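Worksheet for the structure shown next.
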Amino acid sequence: MSRWMLELSEKERERRAKFSAFMKAVPGFIAALAQELKLGADAYNEQFPDENSVDVNRMPGGRIQVICSGRDGLRSAAIVTLNADTQRVACSFENIQHVNWEDILDVAGDASSLHSMGIGQAHTIASLARKILIPLLFPGLLSDPTARQYLNR
């Protein structure tokens, strides 16, 4: 068998193993992230009960949608998507002047969890929840140093 076939076959096996491990960890990660986003949405709704309504919805395909509906009829949203091929989490915003982003996720050795930047899944989820909720819930404070500090933790 030719060398290129052997090398590429080995790389493909590695890619498939990483894909499989990522997919194994996705359900727990999505559930934990949705729960963290829900806690943040509930806290915001408690702080501003007569203004905006924030809802967190799990969607097919490992996606989460966070919708902020204002009393004035304006609606903004954040959509979080996990991509097993690229091993990334991405967030896109609708009706908000904020840059969409994506981060690399790593799979734990036992494929039980996903994390980023060498921190555990719980800290990764808390960090991602802030990156999703701050622009959505506090768009007028995005240039504020305190908001930036929380956004960049």
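Every read-out reported here was derived from the displayed coordinates using simple, explicitly stated rules and does not represent laboratory data. For clarity, every value in this text was computed on a predicted model and none was experimentally measured. Note: ideal-geometry Cβ built from the backbone for every residue, glycine included; neighbour counts use all protein chains shown.
Overall dimensions of the range 39-91, expressed as equivalent-ellipsoid semi-axes from the Cα gyration tensor (√(5λ), whole Å, largest first), are 26, 11, 8. Within the same chain, lysines fewer than 8 places from residue 38 are excluded, and of the rest, those with a Cα less than 30 Å from its Cα are 18, 24, 131.
Each peptide in 120-126, 35-41 receives the mean, over its residues, of other Cβ atoms within 10 Å, and ordering these scores from highest gives 35-41, 120-126. Using the Cβ-Cβ distance between residue 1 and residue 112 with R0 set to 35 Å, the FRET efficiency from 1/(1 + (r/R0)^6) comes to roughly 0.45. In the chain, Rg over Rh equals 1.08, where Rg is the alpha-carbon radius of gyration and Rh the Kirkwood radius from pairwise Cα distances.
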